[in-house]
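Notes for the one structure printed next.
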Amino acid sequence: MGPQIQLESMSLTLGRVEILKPVTALFQPRQLHAIVGPNGAGKTSLMRCVLGLMPHKGEIRCVWPGKATPVAYVPQQTAFEPALPVTVEEFMLTTLTRLPVQLLRRTRARMRVIELLRRVGLEHKGHLQLGSLSGGERQRLMFAQALERDSLFWCLDEPMTGLDTDAQALINQEISLLRRQGATLLVIHHDTDWVRRYADQVWLIDGGLKRAGSADAVLQLNLTPLRDEMEAYA
Amino acid sequence: MDSLRQTALMLQELGWLPAMFQYAFLTNALVAACMIGPLLGALGPLVVVKRLAFFSEAVGHAALTGVAIGILLGEPATEPLVSLFCFCTLFALLLHWIKSRTSIPYDALVGVFLSFSIALGAALILYVAKKVNVHILENVLFGSILTVKDRDLLVLASICAAAVLLIIRGSNQALLASLLPELARTRGINLRLYDYLFILMIALVTVASVKVVGAILVGALLLIPATSARLISRTGREFFWLSVLFSTVSCLLGVLLPMAGAMPVPSGAAIVIIASGGFVLALIIRTWRSFA
């Protein structure tokens, strides 16, 4: 089962700008927690704090009921240098093995890469350079590298951006499977329909925690302009 | 090394090797080239991927000041290695430290450091000229195959071993950290540690390559073979091995051709000119491919 993540008055200030007012929250395992809010509300900053990527005040406790697994992270909208000679397969190998991809041919690791790419529908794109991937393909690749972690704690920052309907179905299927396996899932999402359909808990962030609860409770009680903005973005 | 030199001499006497192999220093220089070539070629792709080309060039140019300080402090004019290493390392660490604590664009910061170190070196050279013949400095700055000794080869071999270890242990992590730093951090990769290790390695390589390539031209050899390889590579594997190949061939030809043609060209200059020829060749191949 995934971990229980507890935020105790967690706040974030960069320079003199207060990004997040103190947030207290409890992310339970076996649940998909949707983090919603308008642009610039501090959703990604909150996720980055949870991941330990940003210096914050307050406390973040991560309690694993069993053996801890590494965190799986799907970052927001990645970009690669267009002409960099690194293939999709090589990128995946860098995440799988410690020994340099340039020096050794590792059949077992390669088989694992092919399997992971197949799960996100990129099995025929392994030979392509990273820079030649479309936005949706990059997003699938990010999901593939996260799958490699065999994790029960997932942080996904707008994972559906740029994905076509087939890819969205694939990712939704994987997310549902992870939830059934007991994972703790933190997902930043702008699509209110998706949030209503998949989220167990919704956390509305706008410079701090504004509201939390079930999707219907948070999104219906939500201020109309905010919802309009989110839906326009989606 | 003695047995290698004797073998080369014997083969030359038998007529299997050209007459220039009668000189022991050539064997030393070739052994050094066989280590420096792959070393610089292997580090080059990381320099290019991490966009540290200008940085490595700046570290090489800082050598001018390092050499001048070394001579003024009483180190031998032909090999002021301790000062060279200390100054290059200090220069690189300070530059990187400031970069990590300010929002100044990296190229601007490197430009400031580069200009300052060259100006300081030029100022100090005037004082150095009073102590030693300035022409001795040419060997340090642009390389000379005459100066490679057994002890230098031992130092070079040790630095090569350290570099191989770093590449084997850290090249995947460094690549991932260059492509997606945040993702690398979530995977427990210590970006700062790798950055500083890499900087230290560039400073070490600069010192190791002084005898053959010359302090000022090391940066060029870290950059040109890797850039040439990048032009015609389709995969990371090709990128790495082509860079090693270009660099090694440039080093070997840069040592051999001036000797064969009895040209009074510093080995470092010859190596970089040949590497630049490789870049032109790669450019032609790339252009030809795009039309094919």
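Residues B:245, B:257: which one is surrounded by fewer than 19 Cβ atoms within 10 Å (Cβ to Cβ), within 14 Å of chain A (Cβ to nearest Cβ), modelled with pLDDT of 90 or more and touching a helix residue (DSSP H, G or I) at 6+ places or on another chain (Cβ under 9 Å)? Show your work before the answer.
Details: B:257 fails: within 14 Å of chain A (Cβ to nearest Cβ).
Checking each option against the conditions leaves just B:245.
When region B:161-199 is limited to residues that are open to solvent by less than 20 Å² (accessible area, probe 1.4 Å) and more than 19 Å from residue A:93 (Cβ to Cβ), the one that is nearest to the other protein chains (Cβ to nearest Cβ) turns out to be B:163.
Within region A:77-109, the set of residues being in a helix (DSSP H, G or I), over 21 Å from residue B:194 (Cα atoms) and at the interface with chain B (Cβ under 10 Å from one of its Cβ atoms) comprises A:89 only. Take the residues in region A:110-134 that are more than 11 Å from chain B (Cβ to nearest Cβ) and either at pLDDT below 85 or touching a Phe, Trp or Tyr at 6+ places or on another chain (Cβ under 8 Å) (or both), then tell me which one is farthest from residue B:238 (Cα to Cα). Here the answer is A:120.
Screening residue B:202 on (1) buried (at least 19 other Cβ atoms within 10 Å of the Cβ); (2) of a type in the set (Val, Ile, Thr); (3) under 24 Å from residue B:278 (Cβ atoms); (4) at pLDDT 90 or above shows it passes everything except condition (4).
Of everything listed in (1) crowded, with 18+ Cβ neighbours inside 10 Å; (2) acidic (Asp, Glu); (3) more than 16 Å from the chain's Cα centre (by Cα), the single unmet condition for residue A:158 is (3).
Is it the case that some residue within region B:131-145 is in contact with a Pro (Cβ under 7 Å, 6 or more places away or on another chain), within 14 Å of chain A (Cβ to nearest Cβ) and open to solvent by less than 60 Å² (accessible area, probe 1.4 Å)? No, there is no match, as no residue in region B:131-145 is in contact with a Pro (Cβ under 7 Å, 6 or more places away or on another chain), within 14 Å of chain A (Cβ to nearest Cβ) and open to solvent by less than 60 Å² (accessible area, probe 1.4 Å).
Restricted to region A:165-211, and to residues that are aliphatic (A, V, I, L, M) and under 19 Å from residue A:21 (Cα atoms), which residue is surrounded by the fewest Cβ atoms within 10 Å (Cβ to Cβ)? Steps first, please.
Filtering region A:165-211 down to residues aliphatic (A, V, I, L, M) leaves A:167, A:169-171, A:175, A:177-178, A:183, A:185-188, A:195, A:199, A:202, A:204-205, A:209.
Restricting the remaining residues to those that are under 19 Å from residue A:21 (Cα atoms) gives A:188, A:202, A:204-205, A:209.
On the way: A:188: 23, A:202: 24, A:204: 24, A:205: 24, A:209: 21.
Result: A:209.
Given the options B:108, B:58, name the one that is out of contact with any strand residue (DSSP E or B) (no Cβ under 7 Å at 6 or more places or on another chain), buried (at least 21 other Cβ atoms within 10 Å of the Cβ), within 21 Å of residue B:223 (Cβ to Cβ) and small (Gly, Ala, Ser). Write out each step before concluding.
On the way: B:108 fails: buried (at least 21 other Cβ atoms within 10 Å of the Cβ).
Answer to the selection: B:58.
The values are calculated or read from the model by the stated rules, or taken from the named source; none is laboratory data. As the structure is a prediction and not an experimental result, all values here were calculated from the model. Neighbour counts are summed over all protein chains in view; Cβ atoms, including those assigned to glycine, are modelled from backbone coordinates with ideal geometry. Heavy atoms of the whole protein, side chains included, go into the accessibility calculation; ligands, DNA and RNA do not. Shrake-Rupley method; radii C 1.70, N 1.55, O 1.52, S 1.80 Å.
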